[in-house]
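The block underneath contains the structure these notes are about, expressed in structure tokens.
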Amino acid sequence: MAAANIKEVARHADVSVGTVSNVLNRPDTVAPATRRRVLDAITELGYVRNDSARQLRAGQSRTIAIVVLDVANPFFTDVVRGAEQVVEKAGAMLIVCNSGEDSARERRHLELLEEQRVRGVLITPVGPGSQPNLGKLIDRGIPVVLVDRGSGRASRCSVAVDDVLGGRLAMEHLLDQGHRRIAYLGGPFSIAQVAERHAGAAAALDERGDGAELRVATTTSLTVAAGRRAAEDLLALPARQRPTAVFCANDLIALGVLQEVTTRGMRVPADVAIVGYDDIEFAGAAAVPLSSVRQPREQLGRTAAQLLLEEGESGETHRHRHVVFQPELVVRRSSDQQRRIQRGRTGATAPAAPPRAAGAVDGVGRSPRSC
């Protein structure tokens, strides 16, 4: 059965097409009795308005897209949840695109989103090669906000975490625990977060200057399977060369390492200490609770969505901002027998507190940095 159209609704309610349109878009301009008659006709006929046509006439879509690196990673699930809260409150809809850490797939998504004239795009780019495609969207007048990644450009906003600091926190903790043979697992290094977390860890180790060494094992992806494979290679090393601690670029890799280590009957942290990154829900629920560098996942999504909506509303007067949150090191049994939370680099034992950011839209943090 074909769907009823607006003309049929008007005939059924004995009103003009313009009156039906007013009921749908400006109900306060229609007399209550007439409005009730039109709504009854809509219900009886099962009319559903063509929102695509309405958006085309209005010149603005109600669809916002978020492009993530890996939809299976709980980190991005939480980021999407935060963004969705803001987008839905604004009367729009959020659609999720998964690049799968594949630049070609990311490019296809962006091309389709450009064709659909979406209201805006939130994205965690695969790598530097994403920039030309993002530039096309901006030239088209579609706002773009980078999520969990600094933009370094005046033409787009970004929301990120200080991953260099996060790497420092993890390395300083492991050094404080007495480890001198430490491995960093993550990859590919074309992903900025992977490179920056390693840079922070390497800098902290260099500054100590006490003979500790950092072995880098590059993975092809940021998954549990990749963590298990990397752990196999590390555990195959002679005992005198084998790392006593592992810092992983994200929690999924860390969970893979934990699985492989415990499967082989080794003890965590007595034989191998492990620190992850992101502090997803599974980290604290692991068989050996996992130490991790915490990111404000939902707040990243909320803040990015707020910046995007602000840009759409203010247009050319919009001031692009780069919001940077500070990470926290959450210490659990995988790297320390004591359970405590260290905030920043103070080493203080305290319960988790709301993360602070430079330029947080919700008012938490210092004054915004703009470009």
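Distances between placed amide hydrogens fall under 5 Å for residue 93 paired with 63, 64, all partners being 5 or more residues away or on another chain. With the alpha-carbon atoms of the stretch 193-277 aligned to their principal axes, the span from lowest to highest coordinate is 35, 29, 18 Å, starting with the largest. Using the Karplus relation 6.51 cos²θ - 1.76 cosθ + 1.60 with θ = phi - 60°, the per-residue 3J(HN,Hα) values for the stretch 210-223 come to 10, x, 6, 10, 10, 9, 9, 10, 7, 9, 7, 7, 10, 10 Hz, with x marking Gly and Pro. Volume per residue of the convex hull around the Cα atoms, evaluated for the stretch 139-295, comes out as 114 Å³. Centre-to-centre separation between the Cα atoms of the stretch 216-231 and those of the stretch 63-119: 25 Å. Taking a span of 15 Å or more along the helix axis (Cα atoms) and a mean Kyte-Doolittle hydropathy of at least 0.5 as the rule, the DSSP H helices of the chain that qualify are 251-263.
Computed on protein heavy atoms with a 1.4 Å probe, the accessible areas place 320, 173, 12 in the order 12, 320, 173, largest first. Residue by residue, the stretch 275-283 carries 3J(HN,Hα) couplings of 10, x, 8, 3, 6, 5, 4, 5, 4 Hz when phi is fed to the Karplus relation 6.51 cos²θ - 1.76 cosθ + 1.60 (θ = phi - 60°); x denotes Gly or Pro. A convex hull fitted around the alpha carbon atoms of the chain yields 177 Å³ per residue. For the stretch 178-190, 3J(HN,Hα) computed residue by residue from phi via the Karplus equation (6.51, -1.76, 1.60; θ = phi - 60°) reads x, 6, 10, 10, 10, 10, 10, 10, x, x, x, 6, 5 Hz, glycine and proline entered as x.
Within the stretch 128-187, the ratio Rg/Rh, alpha carbon atoms throughout and Rh by Kirkwood, equals 1.22.
Considering only trypsin sites (Lys or Arg not before Pro) in DSSP loops that have at most 16 other Cβ atoms within 10 Å, the longest stretch of the chain without any of them is 181-239.
Annotation: amide H of residue 293 within the under-5 Å range of 276, 277, 278, 279, 330, sequence separation 5 or more or interchain, hydrogens built in the peptide plane. Add -39500 (n - 2.57) for each DSSP H run of 4 or more in the chain, then divide by its residues: what number comes out at 222 nm, to the nearest 500 deg cm²/dmol? Result for the chain, helices only: -13000 deg cm²/dmol. Under a 5 Å amide H cut-off, with hydrogens placed 1.01 Å from N, residue 120 pairs with 65 among residues at least 5 apart or on other chains.
The values are calculated or read from the model by the stated rules, or taken from the named source; none is laboratory data. Nothing here was measured: the structure is a model prediction, and the numbers come from that model. Don't worry about glycine lacking a Cβ; one is built from the backbone with ideal geometry, like all the others, and counts go over all protein chains shown. Heavy atoms of the whole protein, side chains included, go into the accessibility calculation; ligands, DNA and RNA do not. Shrake-Rupley method; radii C 1.70, N 1.55, O 1.52, S 1.80 Å.
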